[in-house]
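This report concerns only the one structure given below.
The values are calculated or read from the model by the stated rules, or taken from the named source; none is laboratory data. Nothing here was measured: the structure is a model prediction, and the numbers come from that model. Using ideal geometry, Cβ is built from the backbone for each residue, glycine included, and neighbour counts are taken over all protein chains shown. Ligands, DNA and RNA are excluded from the accessible area calculation, which covers all protein heavy atoms including side chains. Shrake-Rupley method; radii C 1.70, N 1.55, O 1.52, S 1.80 Å.
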Amino acid sequence: MGLALIHHLFLAAAAVTDNTKGLTAIGRGIVYGGAAIGPGIGIGLVVGNAISAMARQPESAGVVRTTMFLGIAFTEALALFGFVLAFIISG
Amino acid sequence: MNAFLAIDVPPISQVTIWGNGPGGFNKTAAIYVFAAVATLLLFVLGTRRKDALVPAGLLQNTAESGVAFVRNQIIMQTMGPDGLQYLPYLTTLFFFIFFSNITEIIPGVQFPANARFAMPMTLALATWVIFNVVGVVKQGPIHYLKNSLIPPGVPKFLLILVIPIELISTFLVRPFSLMVRLFANMLAGHLILVTFATISAALFAKSITVVIMPFSFFLLVAMTGFEILVSFLQAFIFTILTAVYIGSAMHPDH
């Protein structure tokens, strides 16, 4: 009885409302959020290790900083692919 | 939610579609003309006093410290003394990208021209052509292909897996990620500034919510400062990656 009612309500809701816009927004959020997880961890690793390297050997800070920016740029590219993909998705 | 806060965020289609002036000349094109003219004037006017050993004046100081920055921080770190012949191109690239990024925070303009991907794509294709030509000329076509597809020290049976990956990552992903990195960073920064500016304006218009306004306004100011750093950093990263790619085509790993 209760299940049948829920099923009926679900069918009615699906028939009346058009969810495309909301689902597109949710999809964009999931795409960008998912794409940001890995690069977030990766950039944290890169910068953290660069800082500990600079703290151990302050005289090598210049080289480490350049290499750190390179590492950030390579890691960050994945998150930016997700950012662009979120705009490409259309309902 | 938008009606409640009375926030009138510009529709996202406005980010990708812009009204054109006569001959398709729009705001983006105007900013690129400004960037090209500014780069040209900086180095034409800044290097007029050739006989002066002690630099004087804002233009000459900027031009000379810019060239020294590209030479010491970019070329010497990635390519070594062999790469000094690319100093003019890389310096021009750096200042052109920086000038077309920095309009993001100039009041009245407030739009980074590189948030449209036509020019980042052109610059990335130029980088792609340059490092491929350098590799073919310096190493010969067969050696260049072999050195860029087969990393040193890979076991024979892994080659069937490694060669397609290296092919895609060297010749397809490199220019694509160069383009997307510059374009998406500037677009994201621009969207953040637009969001906080519209939120600040909407909260200021409502009499009750004006109490919350300083928070978003503070973040707007802070993000504007952060975007100065980002426009410099993106110009730096684009230039240094170009240098790294040219350097790896000149000196392959052994």
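Annotations
- Qualifying residues in the range B:183-202 (those that are over 26 Å from the mean Cα position of the chain (by Cα) and open to solvent by less than 20 Å² (accessible area, probe 1.4 Å)) - the one nearest to the other protein chains (Cβ to nearest Cβ): B:ALA202
- Selection within the range B:147-164 - at pLDDT 90 or above and closer than 14 Å to B:ALA249 by Cβ: none
- Verdict on B:ARG71 being in a loop (DSSP other than H, G, I, E, B), modelled with pLDDT of 75 or more and open to solvent by 80 Å² or more (accessible area, probe 1.4 Å): no
- Just one of the numbered conditions (1) open to solvent by less than 60 Å² (accessible area, probe 1.4 Å); (2) of a type in the set (Ser, Thr, Tyr); (3) under 22 Å from B:ALA184 (Cβ atoms); (4) at pLDDT 90 or above is not true of A:TYR32: (1).
- Number of the condition not met by A:ALA4 [criteria: (1) away from every other protein chain (no Cβ under 14 Å); (2) surrounded by fewer than 17 Cβ atoms within 10 Å (Cβ to Cβ); (3) at pLDDT 85 or above]: (3)
- Of all positions in the range B:143-157, none carries a residue that is among the small types (Gly, Ala, Ser), open to solvent by less than 70 Å² (accessible area, probe 1.4 Å) and closer than 30 Å to B:VAL194 by Cα.
- Candidates B:GLY83, B:GLY108, filtered to the one that is of a type in the set (Gly, Ala, Ser) and part of a loop (DSSP other than H, G, I, E, B): B:GLY108
- Criterion (open to solvent by 40 Å² or more (accessible area, probe 1.4 Å), within 12 Å of chain A (Cβ to nearest Cβ) and modelled with pLDDT of 90 or more) met by exactly one of B:VAL221, B:VAL173: B:VAL173
- Criterion: part of a helix (DSSP H, G or I) and either hydroxyl-bearing (Ser, Thr, Tyr) or over 25 Å from B:THR224 (Cα atoms) (or both) - qualifying residue of B:ILE165, B:ILE192, B:ILE199: B:ILE165
- The conditions of being at pLDDT 90 or above, farther than 29 Å from B:VAL70 by Cβ and either surrounded by fewer than 16 Cβ atoms within 10 Å (Cβ to Cβ) or within 14 Å of another protein chain (Cβ to nearest Cβ) (or both) are not met by A:ILE72.
- A:GLY44 being open to solvent by 40 Å² or more (accessible area, probe 1.4 Å), away from chain B (no Cβ under 11 Å) and touching a Leu at 6+ places or on another chain (Cβ under 9 Å): no
- Among the residues of this structure, B:VAL133 counts as one that is open to solvent by 20 Å² or more (accessible area, probe 1.4 Å) and away from chain A (no Cβ under 14 Å).
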